[in-house]
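A.B. asks: Sharing a structure below in C-alpha cells format, with a few things to ask.
The values are calculated or read from the model by the stated rules, or taken from the named source; none is laboratory data. Since the structure is predicted, the reported quantities are computational estimates derived from the model, not experimental observations. Here the Cβ is made from the backbone with ideal geometry for all residues, glycine too, and neighbour counts use every protein chain on show. Protein only, heavy atoms only, side chains kept; ligands, DNA and RNA dropped before computing areas. Shrake-Rupley method; radii C 1.70, N 1.55, O 1.52, S 1.80 Å.
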Amino acid sequence: FASFSFDAATADIFSSLVSGATLYLVDRDTLLFTEKFVELINQKQITALTIPPSLLTLLPEAQMTSLETVISVGDACSWDLAQRWMTRCIFYNGYGPTEATVGASWMRVNEIISQSATAPIGKPIANFALYILDENLDPVPVGVAGELHIGGIGVARGYHQRPDLTAEKFIPDPFGQAGGGRLYKTGDKVRFLPDGNIEFLGRIDFQVKLRGFRVELGEIEVRLSEMAGIEEAIAVAREDSLGDKRLIAYVRSNGNNELDGAGIREKLRDQLPDYMLPAGIVVLNEFPLSPNGKINRKALPAPEQQDI
C-alpha cells in the first residue's frame, strides 16, 4: 500500500517476496477509491494487507472475504477499529519510525485491554530494545508516561547532512551491552502497561501552551475517541487570526451515528478542565490524508462560525 518513497514500502516488498508470496503493485487511483480497492482485494484473493488506520477504517471488512491478516501501522488505532477487524481476521497493530528502519514493535490484537485507550503498539521485535525514559533519561515505572527511545541494530546512523539534528535525536545508548550503540529519541509519548505491552499516548510536541496553561492535545483526543459514535478525533491549536490561538477538535463518525459538535463539546465539559475544552468541534466525513495515508493535520479546514 505504501508509496515507493515511503520506508514502509521496503517491508511490504521484501517480506512478501522472501516468504514466497505474490506481491501486487497497485496504482493510486485504485488505492484511493474504496470500491475499486475492495474489488481488487477480492479479485486477486489478497490474504495480507498492511495499511494505516485512517484508511483501514474506510474499508468494509465484511466484503473483503479473502483477507486473512491485516496489519495497522502509521497512526494510533482505535479500539472500535481494532474490534471490527480482530473479529474478522488475524489483526496486528504495529509501530516504527523511519529512523528505526521501518518497524520496531507490534502486537496481535485479539481482545480489548481496558487499561489502554487505544490498541497497544506491543513489544519490541527481535534485535530491538524499547525504553521509556523521562527528561533525565531515567526509566519510568509501569503506567507512567515518558518518551519512547529505540535501540538495536535497526537504528539509523543519522540524518543526511544534518549533524545538528542527528546529535539531538541519536544519543549514546547507556543501556546497551556493546559499546558505541545509540538510542533514537522518537518524540512519542508512551507508557508500559502491566502486561509489558506499550500504549501510544501521542506526540510530545503535541503539547501546546495556551493562555499560560500546558495542554496535552493527546488527552483531548483520547476523551473524544472514547465517546459513542466517534471513530477518530484530532485536537489542534489553531491561530487563524494573529494573536487568537484556540483549541479546535475534529471528529469523524463511525458511520452509526450523526455527530453534533455542540453536544460533543458539552459532554467533554464534564471530563476536562475549562482550559482544555476546545473552542469548537468540527465534524468531518473524512480527514485529509498525506500521500502515505497518514492524517495531514496541516490540511485540516478552518472551523466555520457555527462550529465555535
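A.B. asks: Give the residue, chosen from L259, L289, that is over 21 Å from K189 (Cβ atoms) and touching a residue at least 40 places away in the same chain (Cβ under 8 Å).
C.D. replies: L289
A.B. asks: Still on this structure, I have one more. Looking only at segment 145-170, count how many residues are aliphatic (A, V, I, L, M) and either touching a helix residue (DSSP H, G or I) at 6+ places or on another chain (Cβ under 9 Å) or without any contact (Cβ under 8 Å) to a residue 24 or more places away in the chain (or both).
C.D. replies: Looking only at that region, the number is 5.
A.B. asks: Which residue out of L268, L217 is more than 16 Å from the chain's Cα centre (by Cα), among the aliphatic types (A, V, I, L, M) and closer than 27 Å to N93 by Cβ?
C.D. replies: L268
A.B. asks: Does segment 118-134 contain any residue that is among the polar types (S, T, N, Q), in contact (Cβ under 8 Å) with a residue 60 or more places away in the chain and assigned to a loop (DSSP other than H, G, I, E, B)?
C.D. replies: Scanning segment 118-134, I find at least one residue that is among the polar types (S, T, N, Q), in contact (Cβ under 8 Å) with a residue 60 or more places away in the chain and assigned to a loop (DSSP other than H, G, I, E, B), so the answer is yes.
A.B. asks: Moving on to the next point. May I ask you to list the residues in segment 233-263 that are open to solvent by less than 30 Å² (accessible area, probe 1.4 Å) and not hydroxyl-bearing (S, T, Y)?
C.D. replies: A233, I234, A235, V236, L247, I248, A249, V251, R252, G261, G263
A.B. asks: I need the full set of residues from segment 79-94 which are open to solvent by 30 Å² or more (accessible area, probe 1.4 Å) and farther than 13 Å from E231 by Cβ, in order please.
C.D. replies: If the condition is that a residue be open to solvent by 30 Å² or more (accessible area, probe 1.4 Å) and farther than 13 Å from E231 by Cβ, then M86, T87, R88, I90, Y92 are the ones that fit.
A.B. asks: Across segment 54-78, which residue is nearest to the chain's Cα centre (by Cα) among those that are more than 17 Å from K44 (Cα to Cα), among the hydrophobic types (A, V, I, L, M, F, W, C) and open to solvent by 30 Å² or more (accessible area, probe 1.4 Å)?
C.D. replies: Taking the candidates together, the pick is A76.
A.B. asks: Which of the residues that make up segment 281-308 are of a type in the set (G, A, S) and at pLDDT 90 or above?
C.D. replies: Residue satisfying the conditions is A299 alone.
A.B. asks: Within the group G202, G196, which residue is within 27 Å of R108 (Cβ to Cβ), surrounded by 20 or more Cβ atoms within 10 Å (Cβ to Cβ) and among the small types (G, A, S)?
C.D. replies: Going through G202, G196 in turn, the sole match is G202.
A.B. asks: Of the residues that make up segment 109-118, is at least one touching a Cys at 6+ places or on another chain (Cβ under 8 Å) and at pLDDT below 95?
C.D. replies: Checking segment 109-118: at least one residue is touching a Cys at 6+ places or on another chain (Cβ under 8 Å) and at pLDDT below 95.
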